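Chemist: Sending over a structure as structure tokens; questions will come in a sec.
Just so it is clear, none of the values below were taken in a lab; they were calculated from the coordinates. Here the structure is a predicted model, which means the values were calculated and not measured. Here Cβ is always computed from backbone atoms with ideal geometry, including for glycine, and neighbour counts include all displayed protein chains.
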Amino acid sequence: MDRDLNSIGEFIQRFLSQHKRWLSPIFIAGESYGGFRVARLARKLQQEFGVGLSGAILISPALEFSLLAGSDYNVTTWATLLPSLAAAAAHHDRASWAGKPGDLQAHIQAAEQFAHKTLIPLLAIGAAYPEADRQLAYEQLAGLIGLPLSVVKQQGGRISFETFARELLRDRQRIVGLYDASIIGIDPFPDRPLYEGSDPTLDGLDRLFTGAINSHLRDTLGVETDLTYHLLNFEVFKAWKFDIKGDFKQGFVGAIDDLRVGMTLNPFMQVYITHGFFDLVTPYFSSNYLVNLMKLDPEIRSNLTLKHYKGGHMFYAWDASRQAWFGEMQKFYREAIA
């Protein structure tokens, strides 16, 4: 992990030197794990490489990996995932609308309030939670996310995105995507207890993106090679090492501390964090939750923008979201270098 970050820092230094751009405004942007990189680099580039930043853009980022692995003992994961489940259920008209039918924002806000005020206490208190209140919470949760009450009770309120994706439209023999739960696919094995098909937003779209990048590389850019372009290379994933030299902490790695330090090192650096509401893999509410815990000084809190759009992990695949985000980014760049 450290070598990965250092290699990017080294590249940026060489690029700035080669093109004589050391005094230009510098922005870094990353998506998904790239968002993790941006948060870590917000500190490392300034502290170790002498690169000042005008802005950092984090797109559907994974910031604290502890939030991606829920368990009986880590209740935050379930709470930060809930609003995205509710958004997807409302999109497919399977939820009991918290407000006016069709008002997605009102439904999402109701799910956020439920996550804060009801779900976290329910899961954190455990067996000591009053039974009558527990049953009422299960009913409310089932309504918000559109799942049968029996499923919510069986899972004890801990609804994984795998369970949700399988169960939401199971009566129609359909599943929803993990990276964009607005997308649906046919369940090839509807009678099996566990889902054994592919994710419609990953495997289902692979051929489209692979075809597009190969066409762009070979036809537009004129790259001549017999090498295969792997959209996702699982051999590389398996070989990845989270070695943190000199750090004896156990558990999950994170990036929020580095982002906090980076923002205090440079009180002019602007930060923009953005997600798609229907992304179940890196849910938007995780970033909201973390930002509220950053304890940023009021002088620099205004430098951080949280803005989310309709869509999934790649929300910009939605025309309206892409166009709105494009306008936001134009404004972001102008203000960051003002």
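Chemist: Quick one: angle between helix 76-91 and the longest Cα principal axis of the chain, in degrees between 0 and 90, rounded to 10, please.
Modeler: 80
Chemist: Okay, next question. Report, to the nearest 10°, how far helix 33-48 tilts away from the longest principal axis of the Cα atoms in the chain, using its own Cα long axis and a range of 0 to 90°.
Modeler: So the helix axis and the longest Cα principal axis differ by about 40 degrees.
Chemist: Picking from ILE145, PRO83, ALA128, whose Cα lies most toward the positive end of the charge dipole for the range 71-186 (charges on Cβ: Lys, Arg +1; Asp, Glu -1)?
Modeler: The listed residue farthest towards the positive side: ILE145.
Chemist: Identify, among MET1, ALA56, PHE277, the residue whose Cα sits farthest towards the positive end of the charge dipole of the chain, taking +1 on the Cβ of Lys and Arg and -1 on the Cβ of Asp and Glu, with the dipole about the Cα centre.
Modeler: After comparing all options, I get ALA56.
Chemist: Loop only by DSSP, 16 or fewer other Cβ within 10 Å of the Cβ. Give me the trypsin sites (Lys or Arg not before Pro) in the range 247-307 that pass, ordered by residue number.
Modeler: Sites meeting the loop and neighbour criteria: LYS249, LYS295.
Chemist: Right, something else. Please work out the FRET efficiency for the pair LEU231 and ALA317, using the Cβ-Cβ distance as r and a Förster radius of 25 Å; give the result to the nearest 0.05.
Modeler: The formula returns an efficiency of 0.95 here.
Chemist: Same structure, new question: Using only alpha-carbon positions, what ratio does the radius of gyration of the chain give when scaled by 2.2 N^0.38 Å?
Modeler: In units of the 2.2 N^0.38 Å rule of thumb, it is 1.07.
Chemist: Separation of the range 66-92 and the range 269-306 by C-alpha centroid, Å?
Modeler: About 17 Å separates the Cα centre of the range 66-92 from the one of the range 269-306.
Chemist: Sticking with this one: What longest region of the chain stays clear of GluC sites (Glu not before Pro) that DSSP places outside H, G, I, E and B and that have at most 15 other Cβ atoms within 10 Å?
Modeler: 1-195
Chemist: Something else about it: How about the range 167-242: which chymotrypsin sites (Phe, Trp or Tyr not before Pro) there lie in a loop by DSSP and see at most 16 other Cβ atoms within 10 Å?
Modeler: TYR229, TRP240, PHE242
Chemist: What percent does the relative contact order of the chain come to when contacts are Cα pairs within less than 8 Å and at least six residues apart?
Modeler: 23
Chemist: Also, I was wondering about something else. Within the range 1-57, which chymotrypsin sites (Phe, Trp or Tyr not before Pro) sit in a loop by DSSP and count at most 10 neighbouring Cβ atoms inside 10 Å?
Modeler: Nothing satisfies the criteria.
Chemist: Magnitude of the Cβ-charge dipole of the range 178-287, K/R +1 and D/E -1, about the Cα centre, nearest 20 debye?
Modeler: Value, rounded to 20: 420 debye.
Chemist: Now for a separate question. Could you work out [θ]222 nm for the chain from helices alone, using -39500 (n - 2.57) per DSSP H run of at least four and dividing by all its residues? Round to the nearest 500 deg cm²/dmol.
Modeler: -13500 deg cm²/dmol
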